[in-house]
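**Student:** Let me begin by handing over the structure; questions about it come next.
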Amino acid sequence: MDEETVQRLIQEKLADGRLPHDSIPRISARPGDGETCAACDETVTQAQIVVENIDDSRHRPMQFHVLCFYLWTVERARA
């Protein structure tokens, strides 16, 4: 999926609450293992790095591709 499409999807998810606007209390990164990216809804493969955001308010981790995590961070700051 191209960067512009992911950016629009993130904007939509921020607007309707599927992605939070809050600060990031804790993150970690590791090789992917088939997680679904919270931003683009595509699989994070073992050849990719997954960034995991531990969202204390929702009490559930959210996983992202590195680029998707970056774009989410940029869009949160812009909103």
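The values are calculated or read from the model by the stated rules, or taken from the named source; none is laboratory data. Note that the structure is a prediction, hence the values are computed from the model and not measured. Counting neighbours? That spans all protein chains shown, and the Cβs are built from the backbone with ideal geometry, glycine included.
**Student:** What's the number of the only condition in (1) in a helix (DSSP H, G or I); (2) within 10 Å of the chain's Cα centre (by Cα) that residue 51 fails to meet?
**Tutor:** (1)
**Student:** For residue 70, all conditions in the list (1) within 9 Å of the chain's Cα centre (by Cα); (2) among the hydroxyl-bearing types (Ser, Thr, Tyr); (3) part of a loop (DSSP other than H, G, I, E, B) hold save one; what is the number of the exception?
**Tutor:** Failed condition: (3).
**Student:** Still on this structure, I have one more. Which one is nearest to residue 2 (Cα to Cα), of the residues in the stretch 12-62 that are among the polar types (S, T, N, Q) and at pLDDT below 95?
**Tutor:** Step one: of the stretch 12-62, the residues among the polar types (S, T, N, Q) are 23, 28, 36, 43, 45-46, 48, 53, 57.
Next, from what is left, pick out any that are at pLDDT below 95: 23, 28, 53, 57.
Details: 23: 26, 28: 24, 53: 22, 57: 30 Å.
Only one residue fits best here, namely 53.
**Student:** Moving on. Going through the stretch 29-55 one residue at a time, which ones are surrounded by 11 or more Cβ atoms within 10 Å (Cβ to Cβ) and either of a type in the set (A, V, I, L, M) or closer than 14 Å to residue 70 by Cα (or both)?
**Tutor:** If the condition is that a residue be surrounded by 11 or more Cβ atoms within 10 Å (Cβ to Cβ) and either of a type in the set (A, V, I, L, M) or closer than 14 Å to residue 70 by Cα (or both), then 29, 37, 38, 39, 40, 44, 49, 50, 51, 52, 53, 54 are the ones that fit.
One line per residue, one yes/no per condition, for (1) touching a helix residue (DSSP H, G or I) at 6+ places or on another chain (Cβ under 7 Å); (2) free of Cβ contacts under 8 Å to residues at least 60 places away in the same chain:
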position	(1), (2)
14	yes, no
25	no, yes
28	no, yes
51	yes, yes
78	no, yes
